[in-house]
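Below is one structure; the comments refer to it alone.
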Amino acid sequence: MKILKTLYILVLAVLVAACGDDTEFRVAGEVQGLGTRTINMLYVADGSVRSVSTAAIDGKFDLRGNSEGYTVVELFVGAKGNVPLARMLAKNGETLHCKLDIEDPSKNEIKGNKPSEQWSTFVRENAAVLNDGTPGMVNSLVTKYVESHTDNIVSSLLMLTSYNSVNNESRADSLFAVIAPAARPAKLVDDYRLLLSYNNSAALNAKVRSFTLYSLGDSVERYSPYKSSYSMLYFTDGTQRTDTIVRQIQRPYDNYSRKRFRVVEVSFAPDSAAWKRASTDSLGWTRVWAPGGVAHSSFDALNIPRIPFYILTDSTGAQVYRGSALRQAIDSLDSRIKKLTK
């Protein structure tokens, strides 16, 4: 009888552990290449952004959160507001097991609930397009998935996190509308938009720091914002450049002295060889390569959301323009320099 009672208690304990604590959710696992560093978790619950941090020991971490309904959870290494190391969906009672790679997030594996597993698989299988494709290529990929998975919450997650709606708001709204209401819960959507606003605010307030990167000609560029009244950081995938972009940047670059204005073209090419192959043309401004792309430590806090992207900074490193509209960046530059010369 005692043996049966003991077995019953053990089985009950296993079931409780498997089901999880319904007052919290758990995100645990290992980050390859992380070592012993702080890992941050952000999510929204009860209308506010929640932040939880822990020290990962040899890459292993264990985080707890509290959300009665599904919420998007983002994991970060380093400053809050940078590019997420991983995203998943979680709610109380669930344990998500993560196998992550800080050098190559496309290898991330997440298990613990079906939406997170499907989302992780999609991101892993389509990493080439999601990481290096043009906005149009990414949108086509997401559109194809959404139209064939209208009753799957992963469609909403991809629309919220991967679809580029800049200058494409009408199409984005129409595509979102084809998703079944049950697969796009209003609270989940509103909560993620609050989280996105929080991250964008952090990125907007982040200052552009001095950095040292490889530049063309096998030399090193040491950039500091204080060297010019204004600087434009032009972020590109490093594999192609349109003549339209070059012509627009060339005009202010030629018209203003380097004391007033300088340009730094930052390449997120997958490797230096690809960058050099695409940079054989002769341009006057500085061109550098950032290993690791948007996750590079010099730019992670800036949360670069897409390519191409432009940041105009003043001599203190404060961002006075950030976005994808080059014309607006140049208009802002012209008006500010005009005030300096009055």
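What number, in percent, do you get for the relative contact order of the chain if the mean sequence gap of Cα pairs under 8 Å and at least 6 apart is divided by its residue count?
Working: 626 pairs, mean separation 47.1, N = 342.
Answer for the chain is 14 percent.
Considering the dipole of the chain built from charges on the beta carbon (Lys and Arg +1, Asp and Glu -1) around the Cα centre, which of N113, F268, Q319 is farthest to its positive end?
Q319
Given [x] -0.67; [y] -0.85; [z] -0.60 as candidate values of log10 I(q)/I(0) by the Debye sum over Cα atoms at q = 0.10 Å⁻¹, which corresponds to the one derived from the coordinates?
Step by step, log10 I(q)/I(0) by the Debye sum over Cα atoms at q = 0.10 Å⁻¹ for this structure corresponds to label [x].
Mind giving me the nanometre distance, one decimal, between the label points for S201 and E169, set 7 Å out from Cα along Cα→Cβ?
Label-label distance for S201 and E169, simple model: 2.1 nm.
Could you derive backbone 3J(HN,Hα) for segment 297-313 from the dihedral phi with the Karplus parameters 6.51, -1.76 and 1.60 (θ = phi - 60°), listing whole Hz in sequence and x where the residue is Gly or Pro?
4, 6, 10, 4, 6, 7, 6, 5, x, 7, 10, x, 8, 10, 10, 9, 10
Rounded to the nearest 500, what is the chain's calculated 222 nm mean residue ellipticity when only DSSP H runs of at least 4 contribute -39500 (n - 2.57) each, over all residues?
The helix contribution divided over the chain gives -11000 deg cm²/dmol.
Express in Å², to the nearest 10, the accessible area of R251 obtained by rolling a 1.4 Å probe over the protein heavy atoms while all chains stay in place.
About 90 Å², rounded to the nearest 10.
Roughly to the nearest percent, how much of the accessible area of segment 188-342 is carbon and sulfur, given a 1.4 Å probe?
Ligands and nucleic acids excluded, carbon and sulfur give 49 percent.
What pairs from K111/K276; K144/K207; K99/K276; K114/K144 go past 28 Å between their alpha carbons?
K111/K276; K144/K207; K99/K276
Sorted by mean Cβ packing within 10 Å, highest first, what order do the peptides 174-184, 267-277 take?
267-277, 174-184
Where both residues lie in the chain, what percent of DSSP beta bridges are antiparallel, nearest 5?
Restricted to the chain, the bridges split so that about 70 percent are antiparallel.
Taking only complete DSSP H runs, can you tell me which helices of the chain stretch 27 Å or more along their own long axis by Cα positions and average at least -1.0 on the Kyte-Doolittle scale?
Counting only whole DSSP H runs, the qualifying helices are 186-205.
Based on the mean of other Cβ atoms within 10 Å per residue, sort peptides 70-76, 156-162 so the most packed one is first.
On the way: 70-76: 23.1, 156-162: 21.3.
Result, highest mean first: 70-76, 156-162.
Just to verify a number: FRET efficiency for Y226 and A28, C-beta to C-beta distance, R0 = 45 Å, to 0.05? Present the calculation step by step, with values, prior to reporting the outcome.
On the way: r = 44 Å, r/R0 = 0.97.
Once rounded, the FRET efficiency stands at 0.55.
For E265, enumerate residues with amide H under 5 Å from its amide H, sequence gap 5+ or separate chain, H modeled in the peptide plane.
Y234, T286, R287, V288
The values are calculated or read from the model by the stated rules, or taken from the named source; none is laboratory data. Quick caveat, the model's predicted, so the values are computed rather than measured. With ideal geometry, Cβ positions are generated from the backbone for all residues, glycine too; neighbour counts draw on all protein chains shown. Accessible surface areas use protein heavy atoms only, side chains included; no ligands, DNA or RNA. Shrake-Rupley method; radii C 1.70, N 1.55, O 1.52, S 1.80 Å.
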